[in-house]
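Nothing in this text is a laboratory measurement; each read-out follows from the coordinates by a stated rule. Every value quoted in this text rests on a predicted model; they were computed, and no experiment measured them. Glycine gets a Cβ as well: all are built from the backbone with ideal geometry, and neighbour counts include every protein chain shown.
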Amino acid sequence: MKKNIVRVALALPAIITIAFVSYWLGQEIVEGRSPSLSSFALIHFAGYLFFLLMPVEALVPIYQLEGHAGATLIMVAVSTAIAGEVIDYCIGRAVSHRVINNMIGEMRYARFKGSIKKWGGWAILFFNLFPLSSSVLSLVAGMMRYSARRALLYSLAGLTLKYFTIVYLFDLASSWMT
């Protein structure tokens with residue numbers, strides 16, 4: 001019984017977030033509007049919550065094609081990603097190891113924990129350069145009681161570098177096409 005309550009408590013926020021994001025995007029599509037920065041921010045934030053792993057980095061070129069400025073997309077992407085990672089970190093600090101192990105798996109937890117122990121902040125920076133894993137790493141960093149300030153700074157550096165590179169490469173590819 002207790003296990004079912006935990007599952008529902010974990011699944012409910014994911015279901016509500018997915019429903020809200022789907023509704024928001026659905027409205028834009030039904031009304032024939034171009035995707036707005038608000039929808040980008042909402043989807044991007046949701047993608048950085050550890051229980052909704054989505055490759056939101058792929059959205060940057062799509063929104064650039066819609067005419068949104070690269071610098072604006074970088075600022076929105078980094079700020080929403082940091083907000084999501086702060087929540088992941090806080091959840092990691094607040095929730096027991098057993099609950100998290102049930103959610104992300106003991107092997108995955110051990111792998112991320114080993115990376116942080118071995119490489120420290122460099123592991124956080126590195127994982128923020130790639131899709132999907134940085135939110136789980138933030139969760140594990142919180143569970144390990146890794147310095148919140150250091151985790152935030154390394155995440156900020158990694159995310160900024162990642163999104164700057166995506167925007168730059170898209171701009172470069174676009175200039176070759178024309």
Fill in: Label point distance in nm, S36-E66, each placed 7 Å from Cα along Cα→Cβ
1.0 nm
Practice prompt. Calculate, in nm to one decimal, what W122 and A110 gain on full extension: separation in residues at 0.36 nm each, minus their alpha carbon distance.
Written response: 2.6 nm
Discussion item. Need the full-extension length gain, M75 to S174, defined as separation in residues times 0.36 nm minus the C-alpha distance. One decimal, nm.
Written reply: 33.6 nm
